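Coordinate-derived values only; no laboratory data. Because the structure is predicted, anything quoted here is derived from the model rather than measured. Don't worry about glycine lacking a Cβ; one is built from the backbone with ideal geometry, like all the others, and counts go over all protein chains shown.
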Amino acid sequence: MSDGHSHEHQGHHGHPHEHEHHHGHSHGHGNGHGHGNGHRHGHGHHEHSHTPSPLRHRLTHLLRPHSHETADKLDSALESSARGMRALWVSLAVLGVTALVQAVVVVVSGSVALLGDTVHNTADALTAVPLGIAFVLGRRAATRRFTYGYGRAEDLAGIAIVLTIAASAAFAAWTAVDRLLDPRPMQQIPAVAAAALVGFAGNEWVARYRIRVGRSIGSAALVADGLHARTDGFTSLAVLLSAGGAALGWQLADPIVGLAITAAITLVLRDAAREVFRRVMDAVDPALVDRAEGALREVAGVREVGELRLRWIGHRLRAEVAVVVDGEATVRQAHAIAVDAEHALLHAVPRLTAALVHADPAPAPGEADPHLALAHHATA
């Protein structure tokens, strides 16, 4: 067979015992390098569904791997965004109350360490705004201009979060240095200590919630925001040290702890920036690539796996892959192999919602490379 074959799936998969399966097929001449031309047409494939299990099944699914290794698949892209939105607004409410309590204590105590922690908590709460906008945009359907949809808005939100963390670090540093140059006694020391504990409790709860949901739906921006909140919790505990120093009569304890808080914020800034940078640059865990290749090689009719690419679109993955099939296979046979290959990928790769599979014929002795005409388009 000298004709190429491509097959694309747009849909969603959850648990293998609880999913809907939709297929849209596209056929045309293409290759593993991403070149393609020719005709395209769509037609429906099979659809099947099973009655979902109750909440107990869902919780079990999250807590331990399934025997088919699909423990961290999503119910649907839309449900993922809804879970992200819930995580944002719940954590916004918790952090908002936490910051309000701390702000009242700042006014009566004059603690610069608590001020830095309060500002950082406020900034952390407000990061829910760009992330919320990103999740709303991510629900919009693809258009002829934005053919992949709007999922990459999450990456822009991640950049906004990183900039917010950087700004809060700069403010905390400036406030601490100013207090070092102009030391002042701390008032209402017990209230400062209590506010520090409130800050730690609120931030740690939010951190665990955001990180758990972010990892579950594959949102790097939400995970980065959770790491941000976790550092806020530890900086709140550091405020206890400033209160202890002030109780012992050491006025410089407050600004010194403020500088320590700045250093902690800088560390989380580094981690969050690295996570968001990787996502913007289309980085994926190499283990996912190995997993995808292994699943493809198990598909009947696939002789070899060629170029395989994975990329994140928001908190969902897309795949493009070329597989080698029997050169004497008919177009229908090659198409069936491509469907099976895509199906295997959807079950093997967590959070994968779309795959483009291209079938290449196995070379015959003396046969020219069918992609030779495209060689001059190859990039260095």
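Summarising the overall dimensions of segment 77-280 from its C-alpha atoms, the Rg and Dmax are 18.0, 67 angstrom.
I'd like the FRET efficiency for residue 328 and residue 298, computed as 1/(1 + (r/R0)^6) with the beta carbon distance as r and R0 of 25 Å, rounded to 0.05. It comes out at approximately 0.70. Placing +1 on each Lys and Arg Cβ and -1 on each Asp and Glu Cβ, with no other charges, gives segment 88-243 a dipole about its Cα centre of roughly 700 debye.
The separation of segment 146-206 from segment 293-351, counted between C-alpha centres, amounts to 45 Å. Placing a label point 7 Å from the Cα of residue 174 along the Cα-to-Cβ direction, the residues of segment 89-119 with a backbone N closer than 19 Å are 111-119. The stretch between residue 270 and residue 287 holds 3.8 nm of extra length on full extension. This uses 0.36 nm per residue minus the Cα-Cα distance. Kirkwood radius, segment 229-380, all distinct C-alpha pairs, inverse of mean reciprocal distance: 19.8 Å.
Here the 3J(HN,Hα) profile of segment 249-265, calculated from phi with Karplus coefficients 6.51, -1.76 and 1.60 at θ = phi - 60°, is x, 9, 5, 6, 4, 4, x, 5, 5, x, 5, 5, 4, 4, 5, 5, 4 Hz, Gly and Pro shown as x.
Pulled fully out, how much extra length does the chain show between residue 141 and residue 280, if you take 0.36 nm times their separation in residues and subtract their Cα-Cα distance? Present the calculation step by step, with values, prior to reporting the outcome.
Values: separation 139, 0.36 × 139 = 50.04 nm, distance 2.09 nm.
Full-extension gain reported as 48.0 nm.
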